[in-house]
Amino acid sequence: MIEIIPAIDLIDGRCVRLSQGDYGQCTRYDASPVDMAKRFLDAGLTRIHLVDLDGAKASRPMNLRTLEQIARLDGVSIEWGGGIKTDDSLRDTFNAGATYAIIGSIAVKSPELFGRWLQKYGGERLVLGADAKNGKVAVTGWLEETSKSIAELVNDFIPSGLTQAICTDISKDGMLEGPAYELYSELQTQFPQVVFTVSGGISSIDDIVRLDELGMKRVITGKALYENKISLSQLTKLIS
């Protein structure tokens, strides 16, 4: 069964969701990040996707206190992304309680550094964040497009031990229109040694079922949960 990973995006320590990675299209939610994490854990969803949107813009983690609070919850594992650009910021992220660190911009701009991190921490702790805009990888909080495709970026780090990648089709993110099925299926077929996480566009439980049928291993759902397009009880039933 596909692993379902709920998302919590953070600005100023609050839960938010963006549409198509646009900071100008930001929806804020009343629930605190810690309360949301507790709800996810109670539903049987133990791996949580935390994104520091402030950190992505500032190029350094900005919401580590929230990470520390969530990491204290029993049974949780956290994949954390946003602003990890230096050895110190990566170490601070792990020290604050992250189980996994998502590396995006650095993988493109300083590939030697990401390769060294992979060799030091291992592919079981570092996750490539490969997000696409108009078919090309976008970095710096999705504000900057590059000339690389996701496949090219993934291929660069296979020799260094890459085993996990989260891929977001930015055009689908937060739009509740369904994910880019073909993109993910092609990537998983091309790189069977890498576990790809689908991110962006999940609109219903049917999307998750279809991804499972396609053989995808993990999927992130965010806005569909916050907008009640998918219920936690549905997810609990699916994973059980």
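Some notes on this structure:
- Surface exposure of segment 19-174, expressed per residue as accessible area with a 1.4 Å probe, stands at 42 Å².
- Ligands, DNA and RNA excluded, the heavy atoms of Arg210 present near 120 Å² of accessible surface to a 1.4 Å solvent probe.
- Ellipticity estimate at 222 nm from DSSP helix runs (n ≥ 4, -39,500 (n - 2.57)) divided over the chain, nearest 500: -10000 deg cm²/dmol
- Here the accessible area of segment 1-124 is 41 percent carbon and sulfur, with a 1.4 angstrom probe and all protein chains present.
- In this structure Met36 has an accessible area near 10 Å², from a 1.4 Å probe over the protein heavy atoms.
- Think of the chain as having a plus end and a minus end, set by charges on the Cβ of Lys, Arg, Asp and Glu; of Gly129, Asn155, Gly215, Gly129 sits farthest toward the positive end of this dipole.
- Expressed as a whole percent, the accessible surface of segment 133-222 that belongs to carbon and sulfur atoms is 47, based on a 1.4 Å probe.
- Ranking by accessible area, most exposed first, for Thr197, Thr146, Thr236 with a 1.4 Å probe: Thr236, Thr146, Thr197
- Membrane-span-like helices in the chain, defined here as complete DSSP H runs extending at least 30 Å along the helix axis by their C-alpha atoms with mean Kyte-Doolittle hydropathy no lower than 1.6, are absent; this is a sequence and geometry rule, not a statement about a membrane.
- Nearest-10 value in Å² for the accessible area of Tyr29, using the 1.4 Å probe: 30
- Over 32 Å between alpha carbons, listed pairs Lys38/Lys148; Lys120/Lys223; Lys136/Lys229; Lys109/Lys217: Lys38/Lys148; Lys120/Lys223
The values are calculated or read from the model by the stated rules, or taken from the named source; none is laboratory data. Given the structure is predicted, the values throughout are model-derived calculations rather than measurements. Backbone-built Cβ (ideal geometry, glycine too); neighbour counts: all protein chains shown. Calculation scope for accessible area: heavy atoms of the full protein, side chains included, ligands and nucleic acids excluded. Shrake-Rupley method; radii C 1.70, N 1.55, O 1.52, S 1.80 Å.
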